[in-house]
Amino acid sequence: MGAEARRREIANRRFQLEERKRIKELETEAKVSAWFQTYDTDGDGVMTRTEIRQLLCHLEPEHTPSDEQLDMLCHALGEDGLGDKHEVRKCVTRFQAYVTLGPQIDAAFARFDTDGSGKLERKEVCKLLVEIAGAKSSEGDLEHIMKVCDWDGDSSLTKAELLPALATWKRLLEDIDPAELSKSAKGSGACAIL
């Protein structure tokens, strides 16, 4: 295959990927709009904690979010506790990732919480990341998770602080090409999405 034909093939593949991404984004926007039509009871364009809980229970009927999980999910909503479409979409994504990967992450958390305190110190979080993602984890990912998840600033993470973010991170890592990781000194970059 000549160089010109290879360039055309790459450009065509890139176009197809971008088109799939655009279509998926439109489908997601339609889904989020439907959620708001159904669960934003006063129609003000934001969801309350109660409305978000109802949505999550509808989407994952086998996995009702605990108050602790809902606290973590709604923590990102800001002081007013209300979620716009972007924030609610993020809450749903995190919760669904946790539902999918929660048992694996729970088991790993229990293995590394050797003192039974319900918290992982920085060193233990690092070991947990390696357990979950192997070579795809990095110091940059550890830094980001500690910065974003350590709400109380005690340099350790409870399961409530850590698990939904880790579940989302793990799902994002599944989509990253290992060849791309080797090019990056900062690690997977998946944490930047959280």
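Each row is one residue, and each column tells you yes or no for (1) under 14 Å from CYS91 (Cα atoms); (2) part of a loop (DSSP other than H, G, I, E, B); (3) of a type outside the set (A, V, I, L, M, F, W, C).
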| site | (1), (2), (3) |
| --- | --- |
| LEU26 | no, no, no |
| GLY45 | no, yes, yes |
| ILE52 | yes, no, no |
| LEU56 | yes, no, no |
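Of the residues making up region 33-43, those that are free of Cβ contacts under 8 Å to residues at least 40 places away in the same chain and outside any loop (DSSP other than H, G, I, E, B) are ALA34, GLN37, THR38, TYR39. For ASP71, the criteria (1) of a type in the set (Asp, Glu); (2) open to solvent by less than 90 Å² (accessible area, probe 1.4 Å); (3) over 26 Å from LEU162 (Cβ atoms); (4) in a helix (DSSP H, G or I) hold in every case but one, which is (3). Counting the residues of region 84-138 that are assigned to a helix (DSSP H, G or I), under 30 Å from ASP42 (Cα atoms) and either open to solvent by 50 Å² or more (accessible area, probe 1.4 Å) or of a type outside the set (Gly, Ala, Ser) (or both) gives 14.
The values are calculated or read from the model by the stated rules, or taken from the named source; none is laboratory data. Here the structure is a predicted model, which is why all the values come from computation and not from measurement. Don't worry about glycine lacking a Cβ; one is built from the backbone with ideal geometry, like all the others, and counts go over all protein chains shown. To get the accessible areas, we keep the full protein, side chains included, count just its heavy atoms, and leave off ligands, DNA and RNA. Shrake-Rupley method; radii C 1.70, N 1.55, O 1.52, S 1.80 Å.
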